[in-house]
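See structure below.
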Amino acid sequence: MEYVDFNAKRSPNKSYLDDAHTFGYKTAGKILCCNCGILIEPNLKNMCFVCLNEHVDITANITKHAVLQYCRKCERYLQPPGEWIKASLNSPELMTLCLKKVRGLKDLKVSCADFLWTEPHSKRIKIDLKVYFETGEYAGLKQGVIIEYTVQYYMCPECHRVEAKDYWRCVVQVRQHAENLKTYFYLEQMILKHRAHDHTLGIKPMHGGLDFYFSNEQNARKFVNFLETTVPIKITFSKRLIKHDHNNNVHYYKYTWSVEIAPLSRDSLVCLTKKLRHQLGAMPAICLVHKVTSCAHLIDPLTGQKAELSANHFFRSPFEAICNPRQLIEYIVMDIELVRSSRQQDGPYSQRIFDIWLIKATQVGLNEHAVHTRTYLGYLLNVGDSVMAYSLKDININEAEFEKLGVEHVPDVIIVRKCFDKTSRSMPRRWKLKYLTFEPINEQMTKEKEEFLDDIEQDMEIYKSINVYSGSCEELNLMETTDNVFNNNVDDATASSYEPLEESISKLSLNGNCNETNS
């Protein structure tokens, strides 16, 4: 076997090409650039990268001008073929939309894209785009190009229907046919707090309620479901054919939801039927509406027994209140006596039943004959306190179920709540409420709203469930957590349950104006 001596001296007669042929490898030769003459690797153009940048334009096929359709009504851009998207200036969403408008990027790679400053009112958007070739004869060659977009104002189909006065497809008609509108005011505040009206196209006040207009059926059904979980209602659904496409067999309808709120409000007095009393667990015939949520919470004004009346039970056999809060009369407590404890209630105070003797506040000093009644609220009362109560012997009640009751089942006076002296308020209210629309305010509506504000002050459950605002109409400011929203001088037992204002919301405007109640 023959060995090769690598240390031996190379023969001067053998060339470098002979060694390359002997060991089996090739060498790549270099050429001179045809433009500047420097030594480069050979390519198809025989030019260096500097000369290629000067003589070759890889951005020649890229569109330098494009158009963006913009709707000024809803502030959205058109993304072809028919989608409208929200995109603010210099945002990633707008950059994505602009790059989709660029043509000629099929064989190129984008390395960087930045917005360039333009005059805000110029209707122009400029982008500095850096592109390069990843493969091919120009691999590694990078160049930049400025693309200018012209913003054209265009009206989207939704806004076009609004301007044409034929934009709504669904309407929800909310009505309450009752003498007292506390439940209606409560529902209005719940809609504002949970922003259930955000998808409405318009809100129109009507006699007895409001009409909410929607562009599609899905948003209308969500709003109806929200109403169903907030107050006891009865829903009636209907639809009307407005157009029919015979070629495609497509029908276009307008949908209507008629929502009727139960005519019950807080502090209303009702008379239950015998069947309904049995369904509610042997409740007495005369009950007081303690509060209204998704169902009506009833309470026995004498013993404090509670029950919940659902919307289904109410609308199967509807009834109206026999007494409303407008008929409340102020009484003065003359004497209190504990009778017994009830086993049906929870809590150390609500288990007690008290005998109470009352005199009308207008007859103090004139009439010494006190009226006797019973109540579960005796733990809150002291001799000399004022209470709001119904005098059933002085009210003319026309109710079939009430006339069936015996005299022994109808008390002379029914105590509703403790009354606080409003004249002791040293300052006006430092908080306000918002409303959905500008309703014509009359004397009756103003009085009912004032009663609703008093209920908020005296009941922390209502206060915690709604939003309360502070500040002026032009600028709303959050109140400090140490501020006390209540200005009434009440007793220690009730004042201890009050909490600072924590649910205040600032800078909320409805319908472009300020709609508030100053009191």
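Listed values, structure above:
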{"quantity": "Extended-chain gain in nm, criterion 0.36 nm per residue less alpha-carbon gap, GLN444 and LYS73", "calculated": "129.7 nm"}
{"quantity": "Distance violations [Cα-Cα > 19 Å] among LYS101/LYS126; LYS109/LYS142; LYS291/LYS360", "calculated": "LYS291/LYS360"}
{"quantity": "Karplus (6.51, -1.76, 1.60) ³J(HN,Hα), θ = phi - 60°, over segment 65-73, in Hz, Gly and Pro reported as x", "calculated": "9, 8, 10, 10, 8, 10, 9, 6, 5"}
{"quantity": "Å² of accessible area per residue within segment 171-321, as computed with a 1.4 Å probe and no ligands counted", "calculated": "47"}
{"quantity": "Counted charge near LEU97, where neighbours are those whose Cβ lies closer than 12 Å (Asp, Glu -1; Lys, Arg +1)", "calculated": "+2"}
{"quantity": "Whole-number D in µm²/s for segment 177-261 (Stokes-Einstein; Kirkwood sum over Cα pairs; 25 °C, 0.890 mPa s)", "calculated": "170"}
{"quantity": "Segment 60-158: relative contact order in percent, alpha carbon pairs under 8 Å with at least 6 residues between", "calculated": "34"}
{"quantity": "Highest-first arrangement of 329-340, 105-116, 267-278, where packing means the average Cβ count within 10 Å", "calculated": "267-278, 329-340, 105-116"}
{"quantity": "Surface share of carbon and sulfur [accessible, 1.4 angstrom probe, percent] for segment 60-158", "calculated": "50"}
{"quantity": "Rounded Å value of the spacing that divides the Cα centres of segment 69-112 and segment 256-325", "calculated": "57"}
{"quantity": "Size of charge dipole - segment 177-261 - debye, nearest 20, with Cβ of Lys, Arg +1 and Asp, Glu -1, no other charges", "calculated": "120"}
{"quantity": "Backbone HN-Hα couplings from phi across segment 394-410 [Karplus 6.51/-1.76/1.60, Hz, Gly and Pro as x]", "calculated": "9, 9, 7, 10, 10, 9, 5, 5, 5, 6, 6, 6, x, 5, 5, 9, 10"}
{"quantity": "Segment 175-291: relative contact order as a whole-number percent, Cα under 8 Å and 6+ apart", "calculated": "24"}
{"quantity": "Nearest-20 debye value, segment 348-422 charge dipole, Cβ charges on Lys, Arg, Asp, Glu", "calculated": "300"}
{"quantity": "Antiparallel bridge percentage (DSSP; both residues within segment 177-261; nearest 5)", "calculated": "100"}
{"quantity": "Amide H within-cut-off set for TYR154, under 5 Å, with H built and near neighbours excluded", "calculated": "TYR70, CYS71, ARG72"}
{"quantity": "Percent accessible area from carbon and sulfur atoms, segment 177-261, protein chains only, probe 1.4 Å", "calculated": "46"}
{"quantity": "For VAL413, net neighbour charge (Lys/Arg +1, Asp/Glu -1) across residues whose Cβ lies under 10 Å away", "calculated": "+1"}
{"quantity": "Shape of segment 52-211, Cα gyration tensor, a/c cut at 1.5", "calculated": "prolate"}
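The values are calculated or read from the model by the stated rules, or taken from the named source; none is laboratory data. What you see is a predicted model; the values in this text were computed from it and never measured. Every residue, glycine as well, gets a Cβ built from its backbone with ideal geometry; the counts of neighbours run over all protein chains shown. Accessible surface areas use protein heavy atoms only, side chains included; no ligands, DNA or RNA. Shrake-Rupley method; radii C 1.70, N 1.55, O 1.52, S 1.80 Å.
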